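Below: the structure, in structure tokens.
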Amino acid sequence: MDKKYDVDLSVVVPSYDEEESLKELTDWIDRVVSQTQYTYEVIIVDDGSSDNSWSVVEQLHKANPSILGIRFRRNYGKSAALSEGFKAARGKVVITMDADLQDSPDEIPELMRLILVDGYDMISGWKKIRHDPLSKTIPSKLFNAVVRKISKIKLHDFNCGLKAYRSDVIKTIEVYGEMHRYIPLLAKESGFKKIGEKVVTHYERKFGKSKFGIERTIKGFLDLLSVTFMSKFGKRPMHLFGALGTLMFFFGFIAAAWLGAKKLWFVFHHTNAPLVTSSPYFYLALVFMILGTQLFLTGFTAELVTRNAPDRNKYLISSTISAQQCN
């Protein structure tokens, strides 16, 4: 094992009110990994559970020191749980899975092989056969189709909790808000291009009930707009707002100039002409010019903020060759 890593594998498990399933899940992980040569740790992130989940985690740790835990004071959401789990992970490969026993630890050896042997940066699970109601599967298919089209990443299931990462990936990306759905996109924008997919087994929920409703689809599309904007224009907002503002102002100015020229033509030919303000195009022209100016100023202000940000010249560097290495 590489000396920079304490273990071969870190399994990060976000958990919220899943006390019934934690022991069975960790026993299952231990049984699978024990059949390999890998050393491992399981990091259970208790996302402010209201049941006895944390007591279960403490008991599991006493029985098996490889099982670790992080407890939030309140419920922050899956992205926050993954973020803290990623910070604590010490493995060369990091695998995430949900705590509800719908993800199979039997997938771990093959996921490890795809990362360590085949050289993938990230592998995303694909629940090709799902044991969920139509109220979840239909919106999920629509959501995945839209994200696949926009991101140009050919994955069928962006929201699958079962994923594997090379350690560099999870130590580089920043997962916040509800961005756990877009980790493949965040990884791609950070320069990790080798992203693959594996069909995984999906089981019916054994305990409790799902913590997600239809509202997650709405939030998902809003988050997609955010992550797309930040990845493309986060450090150059003027390119978006300035371009849109200039275009709108231009069309508004052309419309106003046409109305003015038309009025002058009537006056020059001594013909009664309607008032410029009686035309609806006059007000559309004004609206376009005002909105164009506002968008341009928004871009200019955002550009000033970006230029003064402390991380404006922070870039991701994968490796270097220095003069000291050459001597």
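When Rg is the radius of gyration of the Cα atoms in region 268-308 and Rh is its Kirkwood radius, what does Rg/Rh come to? Intermediate values should be presented prior to the final figure.
Details: Rg = 17.9 Å, Rh = 13.0 Å.
Here the Rg-to-Rh quotient is 1.38.
Here the spin labels are modelled as points 7 Å beyond Cα on the Cα-Cβ line, and at R113 and T137 they lie 2.9 nm apart. As a rough guide to protection, the peptides 88-95, 103-110 ranked by mean Cβ packing within 10 Å, highest first, stand as 88-95, 103-110. Length, then width, then depth: along the principal axes, the Cα atoms of region 1-109 run 38, 25, 25 Å. Between L225 and E24, the distance separating the two model label sites (each 7 Å from Cα on the Cα→Cβ line) works out to 4.1 nm.
Leaving ligands and nucleic acids out of the surface, order W126, W258 by accessible area at 1.4 Å, largest first. Walk me through the intermediate numbers first.
Details: W126 55, W258 135 Å².
So, going from the largest accessible area down, we get W258, W126.
The stretch between H61 and V7 holds 17.8 nm of extra length on full extension. This uses 0.36 nm per residue minus the Cα-Cα distance. Measuring with a 1.4 angstrom probe and ignoring ligands and nucleic acids, R148 comes out at about 80 Å² accessible. In this simple spin-label approximation, I150 and K87 carry label points 7 Å from Cα along the Cα→Cβ vector, and these lie 2.8 nm apart. Rolling a 1.4 Å probe across all protein chains gives L275 an accessible area of roughly 120 Å². Size of region 27-172 from its Cα atoms: along the principal axes, largest to smallest, the extents are 46, 39, 30 Å.
The values are calculated or read from the model by the stated rules, or taken from the named source; none is laboratory data. This is a predicted model, so every value here is computed, not measured. Glycine also receives a Cβ, built like all others from the backbone with ideal geometry; neighbour counts cover every protein chain displayed. Each accessible area value is taken on the protein alone, full model and side chains, heavy atoms only, with ligands, DNA and RNA left out. Shrake-Rupley method; radii C 1.70, N 1.55, O 1.52, S 1.80 Å.
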